[in-house]
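The values are calculated or read from the model by the stated rules, or taken from the named source; none is laboratory data. Treat the numbers as computed from the prediction; the structure is a model and nothing was measured. With ideal geometry, Cβ positions are generated from the backbone for all residues, glycine too; neighbour counts draw on all protein chains shown. These accessible areas exclude ligands, DNA and RNA; they are computed on the full protein's heavy atoms, side chains included. Shrake-Rupley method; radii C 1.70, N 1.55, O 1.52, S 1.80 Å.
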Amino acid sequence: MIIYFGTQLYFRTKKNQIHSFCGNCDEFAKLKSFNAINFFHFYYVPLIPLSRRLRHHRLCPKCKKSQSWDIADHANRTAIVKEQSADAIVALQNGDRTFIPTTDGQALAAEHQPEDCIAFLREAFEWLYAAGEGAFCFDLVDQLAGDRCLNAKQLLNAFACSMSGKLDLAIDSYQSAATSDPSSTKPLQQAAHLLVVQKRRAEAIGAYTAALKRTSDPAVRLPILVQMLPVLESNKQFAEAVATYEEIFVFSPTLAEDKAWQKAIQKAKKKAGIK
């Protein structure tokens, strides 16, 4: 006889959804946010509440991990993030790349260092989208105008489109951002990540390769190479994978000594017909 009992979240309200990479398992998925109560159930009938109603933030359907917040605390944090995001947009409009986050017009701390506007807004949009503030994010993007805001607008539009599940539009925006800032590798990397999600591996490899052509800095090249490697192998481009392994080993001798990596390159060499 099978007895179905355990714990589960019930009575979900204020439901939102975001398309993003899970912070725990790094898989791209529809991450769900909602208010709910955790119950002990028997045959899936909720019997005993095990918690008060909480905000469950970005629940991953693959690894089942999420953050749990007191609802009032979550609402307060959302309000602060909205305020700080608006400040970052104003900084970008003024031609600044950094800003100091404030709360109610006051700096968070005297020693607080300026933050990169784009990096901050990327994280802020993740939070706001999961909080049901997607329209607010697009409204912020629309406030950016003029040539000096063009690259920032393209990047932020790409973030917002990606989180709303419009991956083709996000990829197009990333590629436009790569054109408007020929020195940056990040837009091409982000476009490649989404192309991998869509299983457009050959195009993803092209984007990674284009990013590599923009830099000779080992610190920048190494993560791109590591990201591209499994895509090359999935696309059965084993000779290119071997060359990628070898460059990775030049930049990171510790990986060259790792047994798992040694085994992996030998396997790639065998498939590529390289002795």
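There is no residue in the range 223-236 that is closer than 27 Å to residue 149 by Cβ and open to solvent by 10 Å² or more (accessible area, probe 1.4 Å).
Filtering the range 191-201 to residues that are open to solvent by 40 Å² or more (accessible area, probe 1.4 Å), touching a Leu at 6+ places or on another chain (Cβ under 9 Å) and part of a helix (DSSP H, G or I) leaves 197, 201.
I'd like to check which strands (runs of 3 or more DSSP E) are fully inside the range 1-114 and have at least 2 residues that are modelled with pLDDT of 90 or more. First the steps, then the outcome.
Details: elements: 5-21, 28-42, 45-49, 54-59, 67-70.
It comes to 5-21, 28-42, 54-59, 67-70.
For the residues 268, 219, 241, the requirement of being touching a helix residue (DSSP H, G or I) at 6+ places or on another chain (Cβ under 9 Å), under 24 Å from residue 28 (Cβ atoms), among the aliphatic types (A, V, I, L, M) and assigned to a helix (DSSP H, G or I) singles out 241.
Restricting attention to the range 146-189, report how many residues are farther than 18 Å from residue 97 by Cβ and open to solvent by 50 Å² or more (accessible area, probe 1.4 Å).
So the first thing to find is which residues in the range 146-189 are farther than 18 Å from residue 97 by Cβ, and the list is 160-176, 179, 188-189.
From the residues that got through so far, the ones that are open to solvent by 50 Å² or more (accessible area, probe 1.4 Å) too are 166, 168-169, 172, 175-176, 179.
Number of matching residues: 7.
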